[in-house]
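The values are calculated or read from the model by the stated rules, or taken from the named source; none is laboratory data. What you see is a predicted model; the values in this text were computed from it and never measured. With ideal geometry, Cβ positions are generated from the backbone for all residues, glycine too; neighbour counts draw on all protein chains shown.
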Amino acid sequence: MPAWHASRRWFRHVVRRTRDPVKPTFYVYSRRGCHLCDVLLEELMSLVRGRFDVEVRDIDSRSDWKERFNVRIPVVEFEGKVVCQYRLDQPAINAILARYP
């Protein structure tokens, strides 16, 4: 098991609580126990490197998110638009990062 996996619960808490209203934010729709979500989140965090906020949203915590995404997770959303789902689309993420030097 990767070292980051054991601290994921704490990491989610930190990500949610440290959101900076000035930084652009990626929203990752996820659910507990989703391996693809864990992989996507790790890859996204390595690309973002603190320049953007990342907020993880547990789809099981709200019925509208669960209805909208259900088995389509993980989903990355930016400025109200879905950027990628299931796997990280690195070119799409890099294009967004390039818009905010």
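ARG31 meets the conditions (1) basic (Lys, Arg); (2) surrounded by fewer than 17 Cβ atoms within 10 Å (Cβ to Cβ); (3) touching a residue at least 40 places away in the same chain (Cβ under 8 Å) in every case but one. The failed one is (2). Inside the range 36-52, residues that are at pLDDT 95 or above and not hydrophobic (A, V, I, L, M, F, W, C) make up a count of 4. Checked against (1) within 17 Å of ARG31 (Cα to Cα); (2) part of a helix (DSSP H, G or I); (3) touching a residue at least 12 places away in the same chain (Cβ under 8 Å); (4) not polar (S, T, N, Q), ASP64 passes all but a single condition, namely (3). Can ASN94 be described as modelled with pLDDT of 95 or more and surrounded by fewer than 18 Cβ atoms within 10 Å (Cβ to Cβ)? Yes; evaluated as a whole, the condition is true for this residue.
Take the residues in the range 67-100 that are in a loop (DSSP other than H, G, I, E, B) and acidic (Asp, Glu); name whichever of them is nearest to VAL22 (Cα to Cα). Please lay out each step first, then the result.
Looking only at the range 67-100, we keep the residues that are in a loop (DSSP other than H, G, I, E, B), and these are 70-74, 79-80, 86-89, 99-100.
When the remaining residues are screened for being acidic (Asp, Glu), the result is 79, 89.
On the way: GLU79: 13, ASP89: 24 Å.
Out of the qualifying residues, it is GLU79.
Scanning the range 67-82 for residues that are aliphatic (A, V, I, L, M) and within 10 Å of VAL28 (Cβ to Cβ), which turns out surrounded by the most Cβ atoms within 10 Å (Cβ to Cβ)? So, considering only residues that are aliphatic (A, V, I, L, M) and within 10 Å of VAL28 (Cβ to Cβ), the one surrounded by the most Cβ atoms within 10 Å (Cβ to Cβ) is VAL76.
Contact map, the range 78-92: residues that are within 16 Å of ARG57 (Cβ to Cβ) paired with residues that are surrounded by 12 or more Cβ atoms within 10 Å (Cβ to Cβ) and among the aromatic types (Phe, Trp, Tyr), Cβ distance under 8 Å, separation 6+ or inter-chain. Pairs shown: PHE78/PHE26; PHE78/TYR27; VAL83/PHE26.
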